[in-house]
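To start, the structure under review is shown below, and the notes come after it.
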Amino acid sequence: MKVKEITPLNFMCVGGGCPTVFEIVDENKLVIVGSKVNIKKIGLAKRVGKDEEAVIVDKEMFRQIFEK
């Protein structure tokens, strides 16, 4: 599986640890890296599967990605 980073430049940081978005090449899917969510605290425990993670990312980042 090949991925391509599509994070807008103003959201990129050096050394990782920042929210990022990758596009899976030749598929209509994204890989999102963000801060882990405490799913129990915000009431999503029943919505996140055992093989899933909930992450927080900035809405502005997605606006810039999909505005293209």
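Computed from the coordinates by the stated procedures, all read-outs in this text should not be read as laboratory data. Quick caveat: nothing in here was measured; it's all calculated off a predicted structure. Because the Cβ atoms are built from the backbone with ideal geometry, glycine has one as well, and the counts that use them run over all protein chains shown.
Structural remarks
- Bridging of residue 2 to aspartates and glutamates at a Cα separation below 13 Å is possible for 23, 26, 27, once same-chain residues fewer than 8 apart are set aside.
- Residues 26, 58 in ascending order of nearby Cβ atoms (within 10 Å, fewest first): 26, 58.
- Computed Kirkwood radius, in angstrom, where 1/r is averaged over Cα pairs of the chain: 13.4 Å
- Karplus 3J(HN,Hα) series, Hz, for region 28-38 with 6.51 cos²θ - 1.76 cosθ + 1.60 (x for Gly, Pro): 9, 9, 10, 10, 10, 10, x, 6, 5, 9, 7
- 17 Å reach of a label modelled at residue 6, 7 Å along Cα-to-Cβ, counting backbone N of region 12-42: 12, 19-34
- Selected from 39, 17, 56, residue furthest toward positive end of dipole (region 3-67; charges at beta carbon): 39
- For region 3-67, lysine pairs with C-alpha atoms less than 24 angstrom apart, excluding pairs fewer than eight positions apart on the same chain, total 14.
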